[in-house]
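Below you'll find the structure, written out as structure tokens, and then a few comments.
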Amino acid sequence: MRLNYPPNVKIIQVPCSGRVDIIHLLRAIEDGADGVYVAGCLEGECHFMTGNLKAKKRVQYVKKVLEQIGIEPDRVEMFNLSSGEGPRFAEIAREMVERIKNLGPSPIKLKKAA
Amino acid sequence: MIVADRKPLNEILEMVKDYKKILLVGCKGCVTVCNVGGAKEVGILGSILRIARAKEGNPLEVDEKTLERQCDPEYVSQIKDLVDDYDAIVSMACGVGPQFLSERYPHKKVYPAVNTTFFGGAVQHGVWAERCAGCGTCIIHYFDGLCPIARCSKSLLNGPCGGSAGGKCEVSKDIECIWDMIVRKKMEQGRLQDLLEIKPPKDWTTARDGGPRKSVREELII
């Protein structure tokens with residue numbers, strides 16, 4: 001399809017979104033990522049039954065943690081789409097990049113650079 | 001197992017606010033099983049603390065170590081060469097851990113990162129419930145496997161009380177009336193007459209009322 005999406009999205013492939021753990025999302029933030037999102041399959045369509053539902057709960061946990069320590073929870077998000085939805089994948093990437101641009105750079109990265 | 005909950009983040013951050021480098025120590029015993037203080041949770045808390053402090057522009061160095069158990073001196077001693085490199089130690093074990101660490105390393109300040117809550121088990125994935133009160137004299141067999149000491153809000157030996165309604169305890173709708181369950185089980189098993197026997201007051205000296213407890217097993221002492 002040769003769809004374009006923002007080049008600043010770094011993709012990390014996992015066998016199922018259920019493989020994504022709390023620590024993976026936190027490490028991304030800790031290492032200075034401005035935002036991190038999980039692109040899982042549509043709810044109810046997980047090959048492993050509940051992988052995407054588990055990922056959703058972990059994303060919610062990290063959002064809550066970030067809120068508690070004064071970082072915008074919107075920097076972390078869960079999206080659901082099927083593997084056949086290439087255009088939606090690009091749209092989500094643009095949507096997330098736009099959201100993060102509005103929030104500005106990660107406060108961790110800013111303090112580290114200072 | 002001993003069940004615990006992680007302390008609120010602001011409480012932990014307050015504990016370590018004056019430090020630059022801490023050792024976060026987990027335990028592979030009960031707190032690993034109840035997903036509160038094992039290697040995984042140590043990694044998560046370590047990362048959260050580093051993020052929170054980096055955001056404030058006051059970075060905190062957190063090194064992570066998970067011991068086999070924190071309730072045995074030989075495992076606690078395994079960090080003896082490390083502790084002097086840190087401003088403080090934060091333990092993610094049950095209340096036993098910080099005390100064993102403090103006893104072994106009296107010159108170090110040790111903080112608990114979890115609240116130890118009860119002896120219980122996992123009733124479903126992610127949900128733990130109290131099952132034992134550690135009263136020192138087990139009487140579960142009188143009540144067909146249902147302990148009224150741990151599971152009745154009043155620890156009644158002759159129940160239920162007037163606060164039992166619809167199988168729930170008056171203390172909270174989330175608490176099942178264990179006496180309702182005991183009576184139902186006795187009825188199902190045709191042994192309701194067991195309850196005609198009045199249980200005399202329990203000897204609480206084997207519980208906490210007798211002061212701190214100790215178990216001595218001569219055959220094991222080296």
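What follows is calculated from the coordinates using simple rules that are stated; it is not laboratory data. Fair warning: this is a prediction, and the values are worked out from it, not measured in the lab. Positions of Cβ are generated from backbone atoms using ideal geometry, with glycine treated the same way; all protein chains shown enter the neighbour counts.
With N set to the number of residues, divide the alpha-carbon radius of gyration of region A:52-114 by 2.2 N^0.38 Å and report two decimals.
1.30
Would you mind getting the Kirkwood hydrodynamic radius of the protein assembly as shown from its Cα pairs, rounded to one decimal in Å? Show your work: numbers first, answer last.
Numbers: mean 1/r = 0.0422 Å⁻¹.
In the protein assembly as shown this quantity evaluates to 23.7 Å.
Axis of helix B:178-188 versus longest Cα principal axis of chain B: the two differ by about 50°, to the nearest ten degrees. For the residue pairs B:7/B:28; B:40/B:173; A:54/A:111; B:21/B:80, the C-alpha atoms sit more than 26 angstrom apart in B:40/B:173; A:54/A:111. Distances between placed amide hydrogens fall under 5 Å for residue A:36 paired with A:76, A:77, all partners being 5 or more residues away or on another chain. Our note on the geometry: Cα centres of region B:140-205 and region A:76-114, 55 Å apart.
The string of couplings for region B:189-206 from the Karplus curve (6.51, -1.76, 1.60, θ = phi - 60°) is 8, x, 10, 4, 4, 3, 7, 6, 6, 6, 7, x, x, 7, 7, 8, 5, 7 Hz, one whole number per residue in order, with x for Gly and Pro. Among A:76, A:14, A:62, the residue with the largest mean-square fluctuation in a Gaussian network model of chain A, with springs joining Cα atoms closer than 10 Å, is A:14. Residue by residue along A:16-29, Cβ atoms of other protein chains within 10 Å of the local Cβ number 3 on average. Peptide B:42-55 shows a mean partner chain C-beta count of 6 within 10 Å per residue C-beta.
Ranked for footprinting exposure by Cβ neighbours inside 10 Å, fewest first, B:174, B:87 give B:174, B:87.
Per-residue 3J(HN,Hα) values for region B:66-80, derived from phi via the Karplus relation 6.51 cos²θ - 1.76 cosθ + 1.60 with θ = phi - 60°, read 10, 8, 3, 7, 9, 9, 10, x, 5, 7, 4, 5, 5, 9, 4 Hz in sequence order (x marks Gly and Pro).
Near residue B:66, the amide H atoms lying under 5 Å from its own belong to B:26; only residues 5 or more places off or on other chains count, and H is placed 1.01 Å from N.
The phi-based Karplus calculation (6.51 cos²θ - 1.76 cosθ + 1.60; θ = phi - 60°) puts the 3J(HN,Hα) values of region A:85-99 at 9, x, x, 5, 4, 5, 5, 4, 4, 5, 4, 5, 4, 4, 4 Hz, whole numbers, x for Gly and Pro.
Which order results if A:49, A:96, B:92 are arranged by neighbouring Cβ count within 10 Å, fewest first? Before the final figure, lay out each step's value.
Details: A:49 11, A:96 22, B:92 30.
Fewest-to-most Cβ neighbours within 10 Å comes out as A:49, A:96, B:92.
Taking amide H positions as modeled 1.01 Å from N, with prolines and chain starts lacking one, the residues under 5 Å from residue B:168 and 5 or more places away or on another chain are B:177.
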